[in-house]
1. Give the residue from 383, 339, 64 lying farthest towards the positive end of the charge dipole for the chain; charges sit on Cβ (+1 for Lys and Arg, -1 for Asp and Glu) and the dipole is referred to the Cα centre.
2. At residue 70 and residue 407, where each label point lies 7 Å from the Cα along Cα→Cβ, what is the point-to-point distance in nanometres?
3. What number comes out for the charge environment of residue 45, summing +1 per Lys or Arg and -1 per Asp or Glu over other residues with Cβ under 11 Å away?
4. Can you work out the FRET efficiency for the pair residue 263 and residue 233, with r the C-beta to C-beta distance and R0 = 25 Å, to the nearest 0.05?
5. Using only alpha carbon pairs under 8 Å that are at least six residues apart, calculate the relative contact order of the chain and give it in whole percent.
6. Over 27 Å between Cα atoms, which of 18/297; 167/397; 18/127; 14/232; 47/283 qualify?
7. Working out 0.36 nm times the residue gap between residue 183 and residue 339, then minus their Cα-Cα distance, what length gain in nm do you get to one decimal?
8. Using a probe of 1.4 angstrom, how much of the accessible area of the chain is carbon and sulfur, in percent?
Amino acid sequence: MRRKEFIDREIELKSLEKLWSGKNFALVIVYGRRRIGKTRLLNEFAKGKRYIYYVAVESQYNLITEEFSDIVRKFLKLPLKGDILDIISSIVDLVDEKMLIILDEFQYIVNADPSFVSRLQRLVDTKLKDKKLMLILCGSAVPFFENKLLGYKSPIFGRRASSMRIKALRLHQIRDFFPSYDLRTLISVYSIVGGTPGYLEKLNPEKTIKENIRIMITPGNYLFDEAPNLLKQEVREPRVYFSILATIADGRNTLGEIASIARVDPRSITKYIALLEELSIVKKIKPIGFKRPVKIKISDNYFRFWFSYTYRLMSLLESQLIDDAISYIVDTLDNYISHVFEDIIAELVPILFKANIIRTRPIQIGTWWHKDQEIDVIVRDPGTSTTFMEVKWRDLKLKDARSILRELEFKASKSGLVSPVNYYILFSREIIDCNTPSKYG
Ligand SMILES: Nc1ncnc2c1ncn2[C@@H]1O[C@H](COP(=O)(O)OP(=O)(O)OP(=O)(O)O)[C@@H](O)[C@H]1O
Ligand SMILES: [Mg+2]
């Protein structure tokens with residue numbers, strides 16, 4: 001397949017360029033979930049610079065070192081001896097220009113030689129800190145990067161110039177993956193596959209949503225297998241995580257409920273949820289302004305779709321009854337998207353604020369509920385103003401829209417969140433008898 005053009009990541013590239021423009025040594029950590037686009041981003045950043053890019057393999061340290069020295073020999077024409085750190089040390093002595101060295105899949109290097117990080121620390125302190133070098137350590141083992149490498153006890157704590165967690169793209173950043181889709185279709189595709197570039201590129205922008213759903217649910221296809229593969233790779237007891245995620249996709253959202261239905265010991269449920277949160281698969285939400293109650297939601301749209309449909313329809317899919325599965329999905333998709341649409345609007349708040357559609361400075365963004373009352377999205381600038389939003393993935397008549405807004409104002413008055421200035425916004429898929437085009441029509 002032809003390599004697609006590089007999309008967005010403007011903020012990440014800008015921060016990397018800023019670090020590069022500094023005079024001295026910079027140690028930078030880039031990490032994030034599999035297929036999120038780390039390698040592609042670093043390739044893009046390296047363009048036009050003098051660099052060494054090494055992707056480590058899961059192997060013995062001497063083999064890793066051999067590969068690294070082969071790459072240095074090839075790119076810098078320098079036959080250097082010793083291990084990776086000896087070679088880096090010699091490079092900075094021999095090369096005058098500013099250099100970029102990227103060690104990708106860094107966790108494999110540390111697995112092969114657990115003393116690597118403290119030896120690196122010593123080299124930074126004794127030599128590299130005054131050199132014109134940018135060293136990027138990159139990898140996808142999120143718990144390793146967050147807890148071990150970036151933790152307080154890590155030898156390189158305090159020595160890094162920056163750490164960047166690469167996150168999934170948001171709705172407004174995925175347009176270029178599907179240039180011919182209108183906004184409504186784009187919202188639908190984002191609701192089912194999310195913003196992971198490695199997943200987005202598996203769909204076909206020339207095809208309809210329905211045809212792309214077929215790609216996602218056909219046994220043997222990459223996106224059919226990826227959710228279980230990723231869990232198997234990242235966690236020790238994938239089965240437990242499977243039943244937890246299936247339970248959440250079924251609409252259970254309190255820790256107690258999830259533990260009981262997924263048959264997990266209630267004392268360990270927080271540990272499982274914490275790891276899923278670290279992997280950006282689930283998120284915890286609380287009513288804005290309060291610490292409790294806590295609800296758990298699937299935050300990654302690909303996982304949400306997989307556990308809502310692929311997992312649930314597994315017996316149909318494995319019996320090759322794909323058309324029946326598709327017609328079930330198509331019949332229920334609007335209801336599925338209506339839940340995701342609330343999250344999409346919440347994610348877009350900063351953009352909507354910049355575009356002056358939301359007038360409240362987004363100091364706090366959240367949701368509110370009490371008993372059976374809920375407000376989908378709330379933005380607060382405490383003490384100044386609040387924007388209350390109702391989000392409907394439906395085509396509404398103007399009359400209905402007005403009554404929804406009146407109801408929203410009433411709910412807001414009961415929420416205890418009203419400010420000196422308050423705004424009320426309704427986001428709907430379309431207002432069907434209104435002359436002004438709706439923002440999300
Ligand atoms: N910004 C982007 N624009 C277009 N395509 C992208 C972008 N980022 C990533 N991709 C594509 O998505 C796929 C996955 O990206 P990449 O290999 O960079 O992910 P990764 O985070 O390094 O994953 P892994 O941890 O599995 O190595 C690649 O085919 C890549 O070309
Ligand atoms: Mg990679």
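1. 383
2. With each label point 7 Å from Cα toward Cβ, the separation is 6.5 nm.
3. Once positives and negatives cancel, what remains is +3.
4. 0.60
5. 12
6. 18/297; 167/397; 14/232; 47/283
7. So the extension gain works out to 54.4 nm.
8. 49
The values are calculated or read from the model by the stated rules, or taken from the named source; none is laboratory data. Note that this is a predicted model, so its numbers are computed, not measured. When we count neighbours, we look across all protein chains shown, and the Cβ atoms used for this are built from the backbone with ideal geometry, even at glycine. Accessible surface is based on the protein model in full, side chains and every heavy atom, while ligands, DNA and RNA are left aside. Shrake-Rupley method; radii C 1.70, N 1.55, O 1.52, S 1.80 Å.
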